[in-house]
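So the structure is just underneath, and the comments pick up after that.
The values are calculated or read from the model by the stated rules, or taken from the named source; none is laboratory data. These numbers were taken from a predicted model, which means no experiment stands behind them. Cβ atoms come from the backbone with ideal geometry, glycine included; neighbour counts cover every protein chain shown.
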Amino acid sequence: MPTYQYNCKECQNSYNIKLTLAAKEDYVPECQQCGSEKVYQSFARIGVVGGSSATNSSSCDINSCSSANCSSCS
Ligand SMILES: [Zn+2]
């Protein structure tokens, strides 16, 4: 099950939550610390175990990079 990280704009709290893709569609992000809905999803480095639907398998952030291992563009 993918783990998603959310950051709260109100209190800077960050938390991780595991959601199935179906559950995520219904999930209303809410800070688990202050209850604010002013949270945004972070795509920080989280290992997504079992995730196989990544659209970009490249390990670098260069959009034009099509290499899978990016050993030469870091
Ligand atoms: Zn908060």
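Checked against (1) modelled with pLDDT of 70 or more; (2) part of a loop (DSSP other than H, G, I, E, B), residue 61 passes all but condition (1). A count restricted to the range 16-54 and to residues that are loosely packed, with under 10 Cβ neighbours inside 10 Å and at pLDDT below 55 stands at 3.
The set of residues in the range 17-39 that are among the polar types (S, T, N, Q) and within 14 Å of the ligand (Cβ to nearest atom) comprises 32, 33, 36.
Annotation note: Cβ proximity below 6 Å between a residue of the range 9-24 that is farther than 12 Å from residue 40 by Cβ and basic (Lys, Arg) and a residue that is away from the ligand (no atom under 16 Å from the Cβ) and part of a strand (DSSP E or B) (sequence gap 6+ or interchain) occurs for 18/3.
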